[in-house]
Amino acid sequence: MQIKTTSNELFSSSKNTVFLGFFEGELKLGISTVPEEFADSLKDTLKSLNFTGKTEQQHILRLNNKVNAIISGFGPRENFTLNSLRLAVASAVKSAGKISSKELSFSINMGSAVSIFSSTDAAKAIAESAVMSVYHFDSSKSEREENLLEKIFITNIDESDKKEIDNAVSEGIVFGELNVKARELANSTPSLATPDYMAKKAKKIAEDNNLKIKIITKSEMEKQGMNGILAVASGSRNEPKFVIMEYDAGSEKTIVLVGKGVCFDSGGLDIKPAAHMETMKMDKSGAVTVMAVMEAIAKLKPNVNVVGVMPLVENLISDASYKPGDIIKTLSGKTIEVLNTDAEGRIILSDALYYASTTYNPECIIDIATLTGAVVIALGNNVAGIMGNDKSLTSKLIVSGTKTYERLWELPMFEDYSELMKSDHADIKNVISNTPGNPAGTITAAVFLSNFINNSKWAHLDVAGTAWSSEDLGYYSKGSTGFGARLLVQFLIDYE
């Protein structure tokens, strides 16, 4: 699908379909932007449909037997945001596909929305949403869902702004492709997407984008003492991999991104029930997000060095599996008492975070992980949890998430919580206990991680509730959402 900008008017730019958005209560203003030959019939049709511009209203019309028009309600002007625009674009793109349109045009001035935000922001939002909304994980189906849309035009571009808007569209396409890449990798089936398979994917991305890459194997982990990763991986015949990707901007500052990469999580000996295991291919979401981010920044080139660290394992069951009651000496030298083998993500991250903090002298470390079911209880499936030790860092990430509508909510990490994670037999335990209803599960998991960051500035994103969708929603389809990928790239672009 191509996305192009043009100075042409909306109705002269597409052979097939145009998009018309109307703010609630502003139909007269919206219709005034429509060419005279279509305006009267459109006015009469909208009246017959009782169309008022509410957000849930959408219709596909044939205007004067010449052009299809996808009519959408924007709701009240004061509530309209960039994400409202993304959602409207996604709905229009899907509708255009259903009527087999090959071209779809959006005016940069749609509904005079440009008065709410800049033309460049609007162009970027249109492009990224269009790319995200056509993706479905259906590569294994004998009959795949095809979207026949070949071209999208963004019209009414002022020639003096065209270069800037073209750049915004290009950035939006990268943002959209970044999200799709993360979703496709996270959706990959567990028997295929082993640690070795994912490491090879990372290597291909690095080679194609001139990034440095290092892949640490099991034997090297044993020599270095990465016993947290080795313990979690012990039950699987597929050996773990530890992947490091590097982007060099020639900066004095380096930001390290760490992604949890449990390619499949059975829960280990503390096995999950079937209902909680069926989607556990998504437990690699943190790692694939980092992988996709590294590809995107190679194209967008932020002014800061970036390192992506991805521990890749499977948490399975065998006679070699690590066991409740085990004590693990991690890369840092600190010991972990294992009370529950299904709290494995924090164990592999203990080695990854310590490696990141001691190898790169980072400006900051950001980890992203599908870490706790507790975050779903706390925040649901629409907002991710964020915690950390530096208020400026967490605030910047929250702002970046606001821009991409990948929203974060900060939870407290008071000193009191550290007491809950102390072990009688080791330096720290991996869960408070196995008693149902343990308090502050998301926070205490972050407290656990804080033991391995070696005084670095650090933020932790728990995306267990937001990384997966059980239904088609807006520009997301069922399955992985790629949550956090665009947020992290936005953060890196904006970083000063």
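Computed about the Cα centre, the dipole magnitude for the chain is approximately 660 debye when only Lys and Arg (+1) and Asp and Glu (-1) carry charge, each at its Cβ. Here's the picture: charge each Lys and Arg Cβ at +1 and each Asp and Glu Cβ at -1 in segment 2-178, and of Thr5, Phe74, Ala39 the one pushed furthest to the positive end of that dipole is Ala39. Taking 13 Å as the straight-line reach from the Cα of Lys43, the aspartates and glutamates in range (excluding those fewer than 8 positions away in the same chain) are Glu26. A Cβ-based charge dipole, computed about the Cα centre of segment 2-178 with Lys and Arg at +1 and Asp and Glu at -1, lands at about 420 debye.
Of Lys223/Lys429; Lys66/Lys163; Lys94/Lys124; Lys323/Lys478; Lys102/Lys203; Lys218/Lys396, which pairs sit farther than 26 Å apart, going by alpha carbon to alpha carbon?
Lys66/Lys163; Lys323/Lys478; Lys102/Lys203; Lys218/Lys396
From least to most packed, judged by other beta carbons within 10 angstrom and beginning with the fewest, Leu393, Leu461 follow the order Leu393, Leu461.
With a/c under 1.5 counting as rounded, go ahead and sort segment 148-273 into rounded, prolate or oblate using the C-alpha gyration tensor (a ≥ b ≥ c being the square roots of the eigenvalues; past the cut-off, prolate if a/b is larger than b/c, else oblate). In terms of gyration-tensor shape, prolate. Please work out the Cα center distance from segment 155-229 to segment 345-405, rounded to the nearest Å. Result: 18 Å between the Cα centres. Taking a sphere under 12 Å around the Cβ of Glu246 and counting the other residues whose Cβ falls inside, with K and R at +1 and D and E at -1, yields a net charge of +1. Each label point was placed 7 Å from the Cα along the Cα-to-Cβ direction; for Lys102 and His59 their separation is 2.9 nm.
Of the GluC sites (Glu not before Pro) found in segment 5-86, the ones in coil according to DSSP and having at most 15 other Cβ atoms within 10 Å of their Cβ are Glu9, Glu56. Using alpha-carbon positions, what is the distance between the centroids of segment 46-90 and segment 265-303, in Å? What the calculation gives is 36 Å, centre to centre. Pairs exceeding a 20 Å alpha-carbon distance, out of Lys15/Lys98; Lys329/Lys457; Lys214/Lys334; Lys212/Lys301: Lys329/Lys457; Lys214/Lys334.
Of Tyr495, Tyr475, Gly441, which is farthest along the charge dipole of segment 431-496 in the positive direction, counting Lys and Arg as +1 and Asp and Glu as -1 at C-beta? It is Gly441, whose Cα lies furthest towards the positive end.
Within a straight-line Cα-Cα reach of under 13 Å, Lys391 can be paired with the following aspartates and glutamates, leaving aside sequence neighbours fewer than 8 residues apart in one chain: Glu410. Per residue of the chain, the DSSP helices (runs of n ≥ 4 H) give a summed -39500 (n - 2.57) that works out to -11500 deg cm²/dmol at 222 nm.
Rounded, prolate or oblate: which one fits segment 1-121, using the alpha carbon gyration tensor with axes a ≥ b ≥ c (rounded when a/c is under 1.5, else prolate when a/b beats b/c, else oblate)?
rounded
The DSSP beta bridges internal to the chain are antiparallel in roughly 40% of cases. With r defined as the distance between the Cβ atoms of Ser41 and Leu148 and R0 fixed at 25 Å, what FRET efficiency is calculated, to the nearest 0.05? Efficiency, from the Cβ-Cβ distance: 0.40.
All of the numbers you see were taken from the coordinates with simple rules; none came from a lab. This structure is a prediction, so every number in the text was calculated from the model and none was measured. Don't worry about glycine lacking a Cβ; one is built from the backbone with ideal geometry, like all the others, and counts go over all protein chains shown.
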